[in-house]
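Participant: Quick one: the structure is below, questions incoming.
Throughout, read-outs are computed from the coordinates displayed, never taken from laboratory work. The model shown is predicted, which means the values in this text are computed figures rather than measured ones. All Cβ positions, glycine included, derive from the backbone under ideal geometry; neighbour counts span all protein chains shown.
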Amino acid sequence: MKPVWAAFGAGGLFGAGLLVSGMARPAKVIGFLDVRHWDPSLAFVMIGAIAVHMVLLRVIVKNRRSPLFDTRFHLPTRKDIDLRLVAGAAIFGVGWGLGGFCPGPALVSLGAGVLPALVFVVAMTAGMWLEEVTQKIAAGRKARLAQDAKAASEAASVQTVAPGAERKPAA
């Protein structure tokens, strides 16, 4: 039960930070994205968050064998940039620019009863569901293709033998 409360506390702290910094307000995000009337405050919040994360992540991972409520750290291992990453980043950016929300501030605003946040969260949830369904379909296709390739390979390796002739084992 402790991990649930730790996650709840971390989420609450994150939400409080978003409220204090004004990042739960779409006007603040759109002001950051508007090149004509640029509001750099979001950049300062991001730079501060990145700096704290860079330092603390290294200190914590170096000095602890595991996190407090898990058996190991779950750190990314992939370093490549593929089409899924680029497409996901583009979709995220378009949604952020059009809606003025990203997931964290949207949930904070939803909790405050902001109606556009409800629309955003519903659309975000539908997008997450669609991605999951698409991945399952792609995995099924990949498995069927592998199965078809295996069957074709096995069929090609079977030797046809004339009636009455002795069959030789395949090499």
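Participant: Per-residue counts of other Cβ atoms within 10 Å, averaged by peptide: what ranking do you get for 118-129, 68-79, highest first?
Facilitator: Details: 118-129: 14.0, 68-79: 7.8.
Per-residue Cβ counts within 10 Å, averaged per peptide and sorted highest first, yield 118-129, 68-79.
Participant: Could you work out the percent of alpha carbon pairs in segment 1-95 separated by over 24 Å, rounded to a whole number? Intermediate values should be presented prior to the final figure.
Facilitator: On the way: 1976 of 4465 pairs.
So the pairs more than 24 Å apart make up 44 percent of the total in segment 1-95.
Participant: Could you work out the pair-distance distribution P(r) of segment 26-80 from its alpha-carbon pairs, with 5 angstrom bin width and percents rounded to whole numbers?
Facilitator: Cα pair-distance distribution for segment 26-80, in percent: 4, 16, 15, 15, 14, 11, 13, 9, 4, 1.
Participant: When the Karplus curve 6.51 cos²θ - 1.76 cosθ + 1.60 is applied with θ = phi - 60°, which whole-Hz ³J(HN,Hα) does each residue of segment 71-82 get, with x for Gly and Pro?
Facilitator: Along segment 71-82, the couplings run 8, 7, 7, 9, 9, x, 10, 6, 10, 7, 10, 10 Hz.
Participant: Given charges of +1 on the Cβ of Lys and Arg and -1 on the Cβ of Asp and Glu, with all other atoms neutral, how large is the dipole of segment 1-131 about its Cα centre, in debye to the nearest 20? Walk me through the numbers before you get to the answer.
Facilitator: Values: 12 positive and 6 negative charges, 116 e Å.
Once rounded to the nearest 20, the dipole reads 560 debye.
Participant: Give, as a single signed number, the net charge of other residues whose beta carbon lies under 15 Å from the beta carbon of V108, with Lys and Arg counted +1 and Asp and Glu -1. Each step should come with its number before you reach the end.
Facilitator: Numbers: positive: R25, K28; negative: none.
Surrounding charge for V108 is +2.
Participant: At 0.36 nm per residue, minus the direct Cα-Cα distance, what do Q135 and A90 gain on full extension? Give it in nm, one decimal, please. Kindly include the intermediate steps, with their values, before the conclusion.
Facilitator: Working: separation 45, 0.36 × 45 = 16.20 nm, distance 1.82 nm.
Difference between extended and current length: 14.4 nm.
Participant: Quick check on segment 43-144: take the gyration tensor over C-alpha atoms, sort the square-rooted eigenvalues as a ≥ b ≥ c, and tell me if it's rounded (a/c under 1.5), prolate or oblate.
Facilitator: Working: a/c = 1.84, a/b = 1.13, b/c = 1.63.
Note, shape of segment 43-144 comes out oblate.
Participant: Please give the peptides 46-52, 11-17 ranked by average Cβ packing (other Cβ atoms within 10 Å per residue), highest first, as a rough proxy for protection. Let's see the in-between values first.
Facilitator: On the way: 46-52: 11.4, 11-17: 13.4.
Top to bottom by mean Cβ count within 10 Å: 11-17, 46-52.
Participant: Do you know the Lys pair count in the chain for C-alpha distances under 25 Å, with sequence separation 8 or more or different chains? Please list the in-between numbers first.
Facilitator: Numbers: K2/K62; K62/K79; K79/K136; K79/K142; K136/K150; K142/K150; K150/K168.
Lysine pairs meeting the criterion: 7.
Participant: Right, next: Return the calculated 222 nm mean residue ellipticity for the chain, to the nearest 500 deg cm²/dmol, obtained by summing -39500 (n - 2.57) across DSSP H runs with n ≥ 4 and dividing by the residue count.
Facilitator: On the way: 6 runs with 120 residues, N = 171.
Rounded to the nearest 500, it is -24000 deg cm²/dmol.
Participant: If N is the number of residues in the chain, what value comes out of its Cα radius of gyration divided by 2.2 N^0.38 Å? Present the calculation step by step, with values, prior to reporting the outcome.
Facilitator: Numbers: Rg = 25.8 Å, N = 171, 2.2 N^0.38 = 15.5 Å.
Taking N as the residue count of the chain, the ratio is 1.66.
Participant: What size of dipole, in debye to the nearest 20, comes out for segment 32-90 about its Cα centre when the only charges are +1 on Lys and Arg C-beta atoms and -1 on Asp and Glu C-beta atoms?
Facilitator: On the way: 9 positive and 5 negative charges, 91 e Å.
Using Cβ point charges on Lys, Arg, Asp and Glu, segment 32-90 gives about 440 debye.
Participant: Can you compute the label reach from A43? Point 7 Å from Cα along the Cβ direction, backbone N cut-off under 13 Å, restricted to segment 97-119.
Facilitator: Counting backbone N atoms under 13 Å from the label point, the list is empty.
Participant: Follow-up question, since we're still on this one. Net charge near A43, counting Lys/Arg +1 and Asp/Glu -1 over other residues with Cβ under 15 Å of its Cβ?
Facilitator: Working: positive: K28; negative: D34, D39.
Charge balance near A43 sits at -1.
Participant: Checking the a/c ratio against 1.5 first, then a/b against b/c, what shape does the Cα gyration tensor give for segment 1-56?
Facilitator: oblate
Participant: Something else now. Under 8 Å for C-alpha pairs, at least 6 residues apart: give me the relative contact order for the chain, rounded to a whole percent. Walk me through the intermediate numbers first.
Facilitator: Details: 75 pairs, mean separation 35.9, N = 171.
Relative CO of the chain lands at 21 percent.
Participant: Which one of V108, L56, A24 has its Cα pushed farthest toward the positive end of the charge dipole of the chain, where Lys and Arg give +1 and Asp and Glu give -1 at the Cβ?
Facilitator: The one lying farthest along the dipole's positive direction is L56.
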